[in-house]
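To keep things clear, I will list the structure first and then write my remarks on it.
The values are calculated or read from the model by the stated rules, or taken from the named source; none is laboratory data. The shown structure was predicted, so the numbers you read here are calculated from the model rather than taken from an experiment. Virtual Cβ from ideal backbone geometry, glycine too; neighbours counted across all protein chains shown. Protein only, heavy atoms only, side chains kept; ligands, DNA and RNA dropped before computing areas. Shrake-Rupley method; radii C 1.70, N 1.55, O 1.52, S 1.80 Å.
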Amino acid sequence: RWSMAYESLWEPDGVINQFSGVVRAWEFIQSVENVQSDSRFDDVHYVINDFLAATEYELTAEALTQAAVIQYGAYASNPNCRIVFVTTDDALAMLVRSVPELSGINSYQTEVCPTVSAARDWLDSQPQLHLMSNVMGFRLN
């Protein structure tokens, strides 16, 4: 039976995408699109992409750049979000950290943590963002 490689769990201030099994690039991109097209996204302060249960993934710089393009668009309606990737895989961590530089696309502050609780600790340690949305084509500072 075919099943999704991820489940999105909505919390009051954010969302956790729990990836498991074999994660294809298109499934990761779909998770980004689904979260950011959800009406609840405008109010979230974090997205945690939890890859701890993933046994295999085909995330490439190209796929992460495609996700960065989608996030760049979403940043206009919700600039007050941070993204955390949860993984103990050094190759994935390096890839995630390299994408803003490789793609030239920088929107959401992104971090990599080894556990979900470490991700929450990092998020809790960050200053609250209070940026105005840019939906109307301008941003007030």
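One line per residue, one yes/no per condition, for (1) within 14 Å of I29 (Cβ to Cβ); (2) at pLDDT below 85; (3) of a type outside the set (S, T, Y); (4) under 12 Å from the mean Cα position of the chain (by Cα):
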site	(1), (2), (3), (4)
Y57	yes, no, no, no
T60	yes, yes, no, no
L64	yes, yes, yes, yes
Q71	yes, yes, yes, yes
C81	no, no, yes, yes
D89	no, no, yes, no
L95	no, no, yes, no
S98	no, no, no, no
N106	no, yes, yes, no
Completion exercise
So the strands (runs of 3 or more DSSP E) completely within the range 1-79 holding 1 or more residues that are β-branched (V, I, T) and open to solvent by less than 50 Å² (accessible area, probe 1.4 Å) are 14-23, 46-57
Practice task
May I ask you to list the residues in the range 93-130 that are free of Cβ contacts under 8 Å to residues at least 12 places away in the same chain, in a loop (DSSP other than H, G, I, E, B) and over 17 Å from V47 (Cα atoms)?
Solution key: G104
